[in-house]
Amino acid sequence: MKHLYRKIPKIDELLVLDNVKYALDNYPREFVLEILRDILSMYREKIKEGNEIEISLNIISKVFDEELNKKGRFSLKKVVNATGVVIHTNLGRSKMCKEAIDHILEVANNYSNLEYDLNEGKRGSRYSHVEKIICEILGCEAALVVNNNASAIMIVLDTLCKNKEVIVSRGELVEIGGSFRIPEVMKFSGTILKEVGCTNRTHLFDYENEINENTVGFLKVHTSNYYMDGFVKQVNIEELRELKEKYDKIIIEDIGSGAIIDLSKYGIQTEKNLVQQSLKEGADIVTFSGDKMLGGPQAGIIVGKKELIEQIKKNHLLRALRIDKFTLAALEATFRCYLDEKYAVKNVPTLRMITYGIEELKDKCEKLLHKVQNISGFNITMEENVSIIGGGSMPKERLKTYVLDVKHNKLSSKDLEIKLRENKIPIIVRVEKNSIKLDIRTVEEEEFNDIYEALEKLRC
Ligand SMILES: *Cc1c(COP(=O)(O)O)cnc(C)c1O
């Protein structure tokens, strides 16, 4: 066996291999060296175990390519979302529109006027880049953006409600997921929570009975991924407005997903309220997410009364929650799409996927079926099914869709799901009662090939 050890090359001999040289130019040196060391120690290990193995520069060069291919991949990477869930929090929520991507690239590639006022030639505000367009689209007095909706609520409460009382209906003390719970957020921000009403029913008088001089106002929370049916009642903003005016209080609403265009003309039963409607009906501050129904980047958008937003802008917490330049770039571009509603529906991926017509989905699904139906070892059929929107948006709404039902001759559905998930470009599917569905709603035509290749690898 000793002679085999001698055959193991020195690292220096490997560094002159063409593919290693190429890697050295394109990856950190230490990263490449680590791969080489791992390969060599793997050989030593094999020899130690008594294996009769072949060693040559040629073989090592091939092994190096394989290892680099594995290790050179990023941890955060593209997946194909075949679940049909449009706003899938685990899969990155919303895809960006092309306008946003282009704008991110430009800002990433260059210096920018992020905090520089080009008119005055001095320091400017990063928030100014989106405030005007948000106000224009939503018809509000002022706007501010932070990291996400959770931080939006946090800074709103911290600024306006600290050590004061805020009245919330017991029916709206919800947990959104990812451990965002309204009572805890309130506690954390030093707001005194006054819960009123019952889980299923809250009346206007419940709110009124709880008002005192330490009350700042009322917090309304969209229950997002949760709904109640039957003997239920919540007080809406219009009704609360009476109290607000009578007692000089404010209304804050966490509207969550925050639709800003009415999708009912596309056959989608939109949220109870659009952001604009909430403001019109009397909310003084509304917060919502950038990456849910809006279809933009992760962000928390705070809109409403100028006087209140100005106070929030002065809160030092803003520095900790501040939005970065890529997000700002994406937000500005996304909001600009909304200047024309039709344009937004066509070009913002989240809206486009939600509003697909059933015929369009059918055509797309047939195309995918055509591409994959002859891979041997599979039985693939097309069927009607339903998708959900996700992201806590309209949890009751089911959208008609088409899916491919995929069965494998040898693999169970569970194993097939795992194989697809472990693919180089992971294909994330829906598992339904022992069968696998690829929902066409969230799959782009450019991804058909990724799916084809993943299935083709499992041919038998
Ligand atoms: C999603 C959601 C949040 C959290 O928003 P993020 O942008 O994920 O921080 C808060 N409140 C409601 C009602 C939500 O639906």
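The values are calculated or read from the model by the stated rules, or taken from the named source; none is laboratory data. If you're wondering where the values come from, they're calculated on a predicted model, not measured in any experiment. Ideal geometry is used to build each Cβ from the backbone, glycine not excepted, and the neighbour counts take in all protein chains shown. To get the accessible areas, we keep the full protein, side chains included, count just its heavy atoms, and leave off ligands, DNA and RNA. Shrake-Rupley method; radii C 1.70, N 1.55, O 1.52, S 1.80 Å.
A few remarks follow.
- Peptides ranked, highest mean first, by Cβ atoms within 10 Å: ranges 291-301, 86-96: 291-301, 86-96
- Pairs of C-alpha atoms in the chain farther apart than 42 Å represent 33 percent of all such pairs.
- Proximal charge balance of I425 [Cβ under 12 Å; K/R count +1, D/E count -1]: +1
- Nearest-0.05 FRET efficiency for S125 and N374, computed from C-beta distance (R0 56 Å): 0.45
- Sulfur and carbon atoms: percent of accessible area, region 98-347 [1.4 Å]: 49
- Those GluC sites (Glu not before Pro) in region 1-92 that DSSP places in a loop and that have at most 11 other beta carbons within 10 Å: E49, E52, E54
- Accessible area per residue in Å² at 1.4 Å probe, computed on region 253-334: 36
- Looking at region 117-218, the trypsin sites (Lys or Arg not before Pro) that sit in a DSSP loop and have at most 16 other Cβ atoms within 10 Å of their own Cβ are K162, K164.
- Cα-based radius of gyration of region 98-347 once divided by 2.2 N^0.38 Å, which approximates compact folds: 1.02
- Each 10 Å bin, from zero up to the one with the longest distance, holds this percent of the alpha carbon pairs of region 98-207: 12, 27, 29, 19, 11, 2.
- Only helices enter the 222 nm calculation for the chain: every DSSP H run of n ≥ 4 contributes -39,500 (n - 2.57), and dividing by all residues gives -12000 deg cm²/dmol, rounded to 500.
- For region 2-68, the convex hull drawn through the C-alpha positions has a volume of 75 cubic angstrom per residue.
- Each Lys and Arg adds +1 at its Cβ and each Asp and Glu adds -1 at its Cβ; summed about the Cα centre, the chain shows a dipole of about 1180 debye.
- Kirkwood analysis of region 58-153, using all unique Cα-Cα pairs, places the hydrodynamic radius at 18.1 Å.
- Pairs from the list K367/K457; K10/K46; K233/K400; K280/K325; K187/K249 with a Cα-Cα gap above 25 Å: K233/K400; K280/K325.
- Exceeding the 20 Å Cα-Cα cut-off - candidates K98/K371; K265/K346; K305/K346: K98/K371; K305/K346
- Interchain or long-range residues, amide H under 5 Å from Y116's placed H: G124
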